[in-house]
Amino acid sequence: IGDIMEETGALIRKRRATISTGKGVPLKQVNGRSEVDESVNGRSDSGNTVTKRNVSDLPSTTSKERKKRINVPSDRQSCHRLQESLLSSASGYRNYRGVLNWCVVMLVLSNARLFLENLLKYGILVDPIQVVSLFIKDPYNMPAACLVIVSNVFIVAALYTERRLSVGCISERVGLLVHSINLSVTLCFPVTIVLMVKSITPVGGASALGVYTVLFLKLYSYKDVNKWCREMSHAKARSLARSLSCKSSVSTDYQVSYPGNVTLRDLYYFVFAPTLCYELNFPRSPRIRMSFLLRRLFEMLFFTQLLVGLTQQWMIPIIQSSMKPLEDMDLPMMMERLLRLAVPNHLLWLIFFYWFFHSSLNFIAELLQFGDREFYRDWWNSETITYFWQNWNIPVHKWCLRHFYKPLLKSGVSKWLGQSAVFLASAFFHEYLVSVPLKMLRPWAFMGMMAQLPLAWFVARFLRGNYGNAAVWLSLIIGQPIAVLMYVHDYYVLHYREGSAGGGPE
């Protein structure tokens with residue numbers, strides 16, 4: 001009994017020592033002192049290293065602290081904390097990458113369903129050979145191509161005028177008059193040919209007018225820059241380094257000064273370069289990257305066929321089925337056709353943007369070793385209408401800013417009036433490129449561009465952030481098909497209905 005009581009007392013003392021240390025670590029008596037056995041890396045006393053400390057060295061805990069520690073719930077007892085739901089704005093959560101992927105998957109599946117429905121209803125309508133007939137009706141008569149070739153006359157006229165001005169044979173006033181006549185004829189001559197020659201198709205006429213519009217903007221910039229060179233050379237009485245608008249990021253050993261730039265080679269390089277703003281020394285890339293060039297060429301060929309195929313298979317059937325609701329003024333059916341047309345039209349617009357601004361312009365730039373490849377910026381993040389128009393077409397934006405907007409501000413015009421004038425000029429060229437090839441004067445493109453002014457004010461005033469970006473996308477997705485339907489309807493009424501009354505169209 002005594003032995004049992006002695007062992008019981010030892011266990012009680014051991015229990016008290018364990019509680020006093022605050023750890024579930026046993027105490028061990030060594031030389032009359034209590035020490036704590038702590039296993040290192042989970043090893044025991046049998047042949048392993050054991051760290052020992054005196055109980056007096058451990059931090060002491062009062063009864064009040066022990067009571068407080070007991071009242072605090074452990075991780076196993078508590079699983080809740082103060083927090084907001086992820087979809088609440090107060091949570092600060094911003095990672096919606098999975099939701100974006102879901103939207104892309106749903107969009108692909110939805111478009112696949114629509115495209116499959118189109119195939120089942122109409123069959124395969126894609127005919128690459130038919131594209132040739134969009135440009136020429138008679139293989140031996142190509143007026144649109146001849147019209148492009150004639151444009152060289154206006155290029156040579158601008159070069160000859162600048163050479164006369166550079167040597168002082170004609171005055172600035174006479175030079176301005178000659179340039180004005182040359183630029184006016186550049187715009188008016190193709191209009192006359194397209195309207196008079198019936199064999200020019202709308203697509204061929206639009207291509208020719210596009211070439212002449214680009215040429216007009218380039219020759220205008222060429223005139224302005226050479227004029228600035230003469231003004232600066234007269235003021236400083238010394239030669240002028242070529243670049244006037246932006247410095248070249250590529251160091252070149254050969255810098256041309258005015259009037260050394262007034263050459264046929266220099267002007268034709270500018271005519272073919274992917275820019276609308278003339279400079280004396282363009283930034284040049286060191287070499288032609290063949291792999292980059294071939295990738296861009298493959299993209300050009302692939303997306304050209306894709307654009308043609310989607311237009312024939314998807315766009316044309318929807319447009320043809322929209323004629324009767326437009327004639328009957330059936331508003332519900334018109335809205336249904338508009339929404340049905342919005343998706344393929346917007347998809348074609350996005351493909352065209354990549355084909356032209358990335359593939360085609362980069363191909364030309366690489367071929368000519370043109371160094372400035374900023375043809376677009378992040379317009380897809382636009383939160384205002386103004387930001388979109390400033391960033392989706394950088395060559396046109398630079399031209400408008402350099403040769404139109406800033407000269408207006410220098411003349412004393414206010415910023416708001418200057419912006420309105422830029423939109424007015426843009427609306428004119430949009431209508432010029434649509435109405436003339438269709439051979440009918442309609443205001444839809446002009447009105448669509450001018451409607452951007454109140455829309456830009458509304459979005460900038462009342463919408464911010466994601467709401468503004470959604471408004472920009474909505475205007476692109478819905479606005480374009482409205483204009484397409486209006487022009488197609490008017491073209492159908494003007495040509496095919498009258499043609500059917502007189503025996504049918506040709």
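Some observations on this one:
- Residue list for the stretch 87-122, restricted to those being assigned to a loop (DSSP other than H, G, I, E, B) and either open to solvent by less than 100 Å² (accessible area, probe 1.4 Å) or within 30 Å of residue 312 (Cα to Cα) (or both): 88, 92, 93, 95, 96
- Evaluation of residue 154 against the conditions (1) open to solvent by 50 Å² or more (accessible area, probe 1.4 Å); (2) closer than 30 Å to residue 198 by Cβ shows that the sole unmet condition is (1).
- The stretch 352-454 holds helices (runs of 4 or more DSSP H) entirely within its bounds, and those carrying 3 or more residues that are surrounded by 18 or more Cβ atoms within 10 Å (Cβ to Cβ) map to 361-368, 385-391, 394-400, 415-438, 444-450.
- The stretch 202-233: number of residues that are open to solvent by 10 Å² or more (accessible area, probe 1.4 Å) and either in contact with a strand residue (DSSP E or B) (Cβ under 7 Å, 6 or more places away or on another chain) or of a type in the set (S, T, N, Q) (or both): 3
- Failed item in (1) within 24 Å of the chain's Cα centre (by Cα); (2) at pLDDT 90 or above, with residue 445 passing the rest: (2)
- The set of residues from the stretch 455-475 being under 10 Å from residue 381 (Cα atoms) and out of contact with any helix residue (DSSP H, G or I) (no Cβ under 9 Å at 6 or more places or on another chain) comprises 465, 466, 470.
- Among the residues of this structure, residue 286 counts as one that is open to solvent by 70 Å² or more (accessible area, probe 1.4 Å), modelled with pLDDT of 70 or more and in a loop (DSSP other than H, G, I, E, B).
- For the stretch 455-477, filtered to residues that are open to solvent by 100 Å² or more (accessible area, probe 1.4 Å) and aromatic (Phe, Trp, Tyr), the residue that is nearest to the chain's Cα centre (by Cα) is 467.
- Residue 348 being within 30 Å of residue 194 (Cβ to Cβ), in a helix (DSSP H, G or I), in contact (Cβ under 8 Å) with a residue 24 or more places away in the chain and open to solvent by 60 Å² or more (accessible area, probe 1.4 Å): no
The values are calculated or read from the model by the stated rules, or taken from the named source; none is laboratory data. In this text, all values refer to a predicted model and were calculated from it rather than measured experimentally. Please note: Cβ atoms are built from the backbone with ideal geometry, for glycine as well, and neighbour counts cover all protein chains shown. Surface areas here come from the heavy atoms of the whole protein model, side chains and all, with no ligands, DNA or RNA. Shrake-Rupley method; radii C 1.70, N 1.55, O 1.52, S 1.80 Å.
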